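The values are calculated or read from the model by the stated rules, or taken from the named source; none is laboratory data. Just so you know, these numbers come straight off a predicted model, no measurement behind them. Neighbour counts are summed over all protein chains in view; Cβ atoms, including those assigned to glycine, are modelled from backbone coordinates with ideal geometry. Side chains are part of the model used for accessible areas, which takes the heavy atoms of the whole protein and leaves out ligands, DNA and RNA. Shrake-Rupley method; radii C 1.70, N 1.55, O 1.52, S 1.80 Å.
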Amino acid sequence: MFYNKRMKLSSSARIQTALETMGIYTYEDVLMHLPRAYEDLSITEHVLKVDRQRVVLSGVVATQPKLFRHGRFSSVTFKFLAHDQQLYSVVAFNRPFFLRAIQLKTTYRLLGIYDQKRSSINLTSLLKDDGNLPILKPIYRLPDEIQGYVFTRLVKKALSFLPTLTFSLKLPESFYGDHHVMSVIEALKVLHFPTSLDEVEHASRVFKFEEAYAYFVYMKQLKEAQQAWKKPQSNTIAYGTIVDKIERLPYRLTSDQLLATDEIIHDMNHHHVMHRLLQGDVGSGKTVVAALALFANVQRHQQGVLMAPTDTLAKQHYLTLSQLFTGEKIRLALLVGSLTAAEKKAIKEALIEGTVDICVGTHAVFSEDVSYHDLGLVVIDEQHRFGIQQREKLRQKGPYADYLMMSATPIPRSLAMTVYANMDVSTLTQFPFLERKVETLIVQEENALIDYHIQLALEAQQRVYILAPAIEESLTGKQTVDALFHMYQTKYPTQVAMMHGRLKPEEKEAIFSEFAQGKKPILVSTTVIEVGLDVKEATLMIIHDANTFGLATLHQLRGRIGRDGSPATCLFVIQEENLFDHERLNVLVKTNDGFVIAEQDLALRGPGEIFGERQAGMPSFHVLNLVKDHKIIEAVRKFMHPHLL
Ligand code: ADP
Ligand code: MG
């Protein structure tokens, strides 16, 4: 956006390097590193002492802090004499360093959440109050090397040069003439030192427009590059053969499945390479649609690949395809890490010779030494699980192959047009079965409900998934998969198995089959089970530290239970001090609608879980919220593609 004359921004080499790593070389860059959020520091006039009230106090620490340890946890407690002349009890969970950091008789601004049951405040942060604290404190995304106050100092310095700095906007003036925005200079002053959130809202508009524009420009370039791939003449797929195949399927397709199949065949018959995303909630029946695409590809005498993120899932797909293609002249192969060297060699040879029509596998399908005779279609299940580079490697093996990506995190159509602007999107909204009945509850650790449900499940010969938190072994005392395994193993000896990502594929498979067959009906695991696995008897899932997961992931996880329509229960176990995450998790208690959940997740956490790994060069969103700023996004889209609307 700006000219990059590299300059010395810090006298510390460490900080200078950290800034450059963030892409910050000039004062312009410093100012363009906008706050990701603001902390409201205005003092709470009335502490109502109601549960979960956010409070900001000004005052002094009145008693010497004390440290308590309870196993893996700790708490520091002290009394705080506040501006309202009240003495408050304060607790800081799992931050033992406060014991030494806190100074008596120093004036602080204290931020926390009121806990009515304990009549105390759960501390969130404590700032020295020198009388110059802003009303809204900007929070910047910064690496560990750069502390907040260091960056704030740099921002102040950069602001003093503001009149000499130059910023240019990418969207033309004519556009901004119609969309009221502040000048960039005014906006930057406001965003780094705001006095109200309304002001922030208005000032950030100009940058939101710019971000949306940069994103669409990038997506447009991607799309144009994709369209430059014109297929050499290939055989047209006759719709009739597909319709016949659909009639031979063991069940009737839903109308969404039919429509998606139709869109895919249409794309495959087009001279541009297909880039289509098939999205649908867990259980919406994406696999059979993929199978039909693979079937169609065989009809035009080309090879197809179906790639899954894990060995187990690849095997499951292989079995599904074998069943769906019984009686068809289709040669299937399975290529996964757990095969012997000789087995792999034989399959690779067959792929080059063209004696295999469809290869199902993990990332092994695009390893260096795998080549294809004539690759025509690539299907990628759980696409966000694969990196862009992995997908690119596959492209080298078949430059004219059509691409079908699948995602179990469906988002509403208007959002999909933005997030997947470089692809065409088919969506499955219906469920082939009766709605699944998964009841979700939020419980605290050691709640008796947990064992009650486990016993019910065991008596009914059902299976139980127990999930370890997303973050392993952090300082905050999160449950690790090992610790959970031992805990449950003690309670239910010989019935518990454990699975995590560090196991070899064959070990995972052995463990998984013991679980599936019911020899060990309880499986303690990391999210390796998130994707596609199908164990009909699984009716209970217990997710520890559920607050550490994204909503979309939690929804996918609970999609693993109650698969045959029988009633199932999902328990989100959270530690007491995280009860404030209740509201976010409540979205899942209240709805089973994957679209609503993905949209909420996107609004709260940004597009991480949907994009998977970011493509190099893809512009990122610092101020733009894909869900909340839909009006801005629509305005930019309309400007770029007036014919679309
Ligand atoms: P997902 O979209 O999560 O990948 P799957 O493709 O695994 O879902 O389908 C879930 C289950 O629904 C499978 O057991 C599949 O055989 C079954 N299924 C798919 N489509 C239909 C249909 N139209 N009628 C009945 N069962 C179906
Ligand atoms: Mg699936």
For this session: Excluding residues on the same chain fewer than 8 positions from K231, give the lysines whose Cα lies under 25 Å from its Cα.
Result: K220, K223, K348, K393, K397
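Is region 290-410 rounded, prolate or oblate when judged by the Cα gyration tensor, a ≥ b ≥ c being the square roots of its eigenvalues, rounded requiring a/c under 1.5 and prolate requiring a/b larger than b/c?
Working: a/c = 1.18, a/b = 1.08, b/c = 1.10.
Here region 290-410 falls in the rounded category.
Could you rank E210, E201 by how accessible they are, 1.4 Å probe, largest area first? It would help to have the intermediate numbers written out before the result.
Numbers: E210 15, E201 105 Å².
Order by accessible area, largest first: E201, E210.
Between rounded, prolate and oblate, where does the chain land on the alpha carbon gyration tensor, with a ≥ b ≥ c its root eigenvalues, rounded for a/c under 1.5, else prolate if a/b exceeds b/c?
Numbers: a/c = 2.18, a/b = 1.33, b/c = 1.64.
In terms of gyration-tensor shape, oblate.
Apply 1/(1 + (r/R0)^6) to the Cβ-Cβ distance of D130 and E576, taking R0 = 25 Å, and write down the FRET efficiency to the nearest 0.05. Walk me through the intermediate numbers first.
Working: r = 34 Å, r/R0 = 1.37.
After rounding to 0.05, the efficiency reads 0.15.
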Seminar exercise, completed: Once amide hydrogens are built 1.01 Å from N within the peptide plane, the residues lying 5 or more places from M499 or on another chain with amide H under 5 Å from its amide H are V524, S525, T526
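With the contact rule set at Cα under 8 Å and sequence spacing of 6 or more, what percent relative contact order holds for region 239-428?
Values: 304 pairs, mean separation 61.0, N = 190.
The normalised contact order for region 239-428 reaches 32 percent.
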For this session: Please calculate the 1.4 Å probe accessible area of K79, with all protein chains present, and give it to the nearest 10 Å².
Result: 80
For this session: Find which of L324, M618, L31 sits farthest along the positive direction of the dipole of the chain, computed with +1 on the beta-carbon of Lys and Arg, -1 on that of Asp and Glu, about the Cα centre.
Result: L31
Exercise. Can you give the accessible area of L375 in Å² (nearest 10), computed on protein heavy atoms with a 1.4 Å probe?
Worked result: 10
For this session: Starting from the Cα of K66, step 7 Å along the direction of its Cβ; do the same at L81; then give the gap between the two resulting points in nm.
Result: 2.0
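State, as an integer percentage, the relative contact order of the chain based on alpha-carbon contacts under 8 Å between residues 6 or more apart.
Values: 1111 pairs, mean separation 77.6, N = 645.
Relative contact order for the chain comes out at 12 percent.
Within 10 Å, count the other beta carbons around each residue, average over each peptide in 489-501, 306-318, 242-254, and list them highest first.
Working: 489-501: 15.4, 306-318: 23.8, 242-254: 13.5.
Per-residue Cβ counts within 10 Å, averaged per peptide and sorted highest first, yield 306-318, 489-501, 242-254.
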Problem set entry | Reach of K437 by Cα under 17 Å, taken over aspartates and glutamates that are not fewer than 8 positions away in the same chain | D281, D534, E537, D564, D593
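Can you pick out the pairs among K79/K105; K137/K628; K66/K117; K536/K590; K189/K638 whose Cα atoms lie more than 18 Å from each other? Walk me through the intermediate numbers first.
Working: K79/K105 11 Å; K137/K628 22 Å; K66/K117 20 Å; K536/K590 24 Å; K189/K638 30 Å.
Checking Cα-Cα distances, K137/K628; K66/K117; K536/K590; K189/K638 exceed 18 Å.
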For this session: Give me the distance between the Cα centres of region 332-400 and region 536-579, rounded to whole Å.
Result: 33
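Compute the FRET efficiency between R252 and K105 as 1/(1 + (r/R0)^6), taking r as their Cβ-Cβ distance and R0 = 60 Å, and round to the nearest 0.05. Please list the in-between numbers first.
Numbers: r = 77 Å, r/R0 = 1.28.
Calculated value: 0.20.
Starting from 0.36 nm per residue, how many nanometres of slack lie between V589 and F73 once their C-alpha separation is accounted for?
Stretched out fully, the V589 to F73 stretch lengthens by 183.0 nm.
Within the chain, what whole-number % of the accessible surface is contributed by carbon and sulfur, with the 1.4 Å probe and all protein chains included in the calculation?
53
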Exercise. Taking the Cα centre of each part, how many Å lie between region 436-463 and region 47-118?
Worked result: 36
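What accessible area per residue comes out for region 42-128, rounded to a whole number of Å², with a 1.4 Å probe? Write down the numbers at each step before the final one.
Numbers: 4780 Å² over 87 residues.
Here the per-residue accessible area is 55 Å².
Please figure out what share of the DSSP beta bridges in the chain is antiparallel and state it in percent, rounded to the nearest 5. Write down the numbers at each step before the final one.
Numbers: 35 of 90 bridges.
If I count the DSSP bridges inside the chain, around 40 percent turn out antiparallel.
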For this session: At 7 Å along the Cα-to-beta-carbon direction for both Q323 and A37, put a label point, then send me their distance in nm to one decimal.
Result: 4.5
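Output the peptides 516-526, 17-27 sorted from most to least packed, where packing is the average of other Cβ atoms within 10 Å over each peptide's residues.
Numbers: 516-526: 19.7, 17-27: 16.9.
So the order, starting with the most tightly packed, is 516-526, 17-27.
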Problem set entry | Gain in span if fully extended, K117 to L503, counting 0.36 nm per residue against the direct Cα distance | 134.6 nm
Exercise. Label K170 and R141 with points 7 Å out from Cα along Cα→Cβ: what is the distance between them in nm?
Worked result: 1.5
Problem set entry | R502, R563, ranked by accessible area, largest first (probe 1.4 Å) | R502, R563
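Is the shape of region 438-591 best called rounded, prolate or oblate, per the rule: a/c under 1.5 gives rounded, else a/b larger than b/c gives prolate, else oblate, with a ≥ b ≥ c the square roots of the Cα gyration tensor eigenvalues?
Numbers: a/c = 1.42, a/b = 1.21, b/c = 1.17.
Since a/c stays below 1.5, the shape of region 438-591 is classed as rounded.
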For this session: Please grab the % of Cα pairs in region 106-245 that end up more than 22 Å from each other.
Result: 65
Problem set entry | Signed unit charges on C-beta, dipole axis of region 514-608, positive-most listed residue V573, L585, P521 | P521
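When you count, for each residue, the other Cβ atoms within 10 Å and take the mean per peptide, how do 176-189, 356-369 rank with the highest first? Mind dumping the intermediate values first?
Details: 176-189: 15.7, 356-369: 20.7.
In decreasing order of mean packing, 176-189, 356-369 become 356-369, 176-189.
Kindly provide the Kirkwood hydrodynamic radius of region 235-290 in Å, to one decimal, from all pairs of distinct alpha carbon atoms.
Details: mean 1/r = 0.0819 Å⁻¹.
Mean inverse Cα-Cα distance, inverted, gives 12.2 Å.
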Seminar exercise, completed: Between F433 and V50, Cβ-based FRET efficiency (R0 56 Å, step 0.05) works out to 0.80
Seminar exercise, completed: Note to self: with every protein chain in place and a 1.4 Å probe, region 220-315 gives an accessible area per residue in Å² of 42
Seminar exercise, completed: Extend 7 Å from the Cα of D244 along its Cα-to-C-beta direction; within region 320-361, residues with backbone N under 13 Å of that point are 328-329
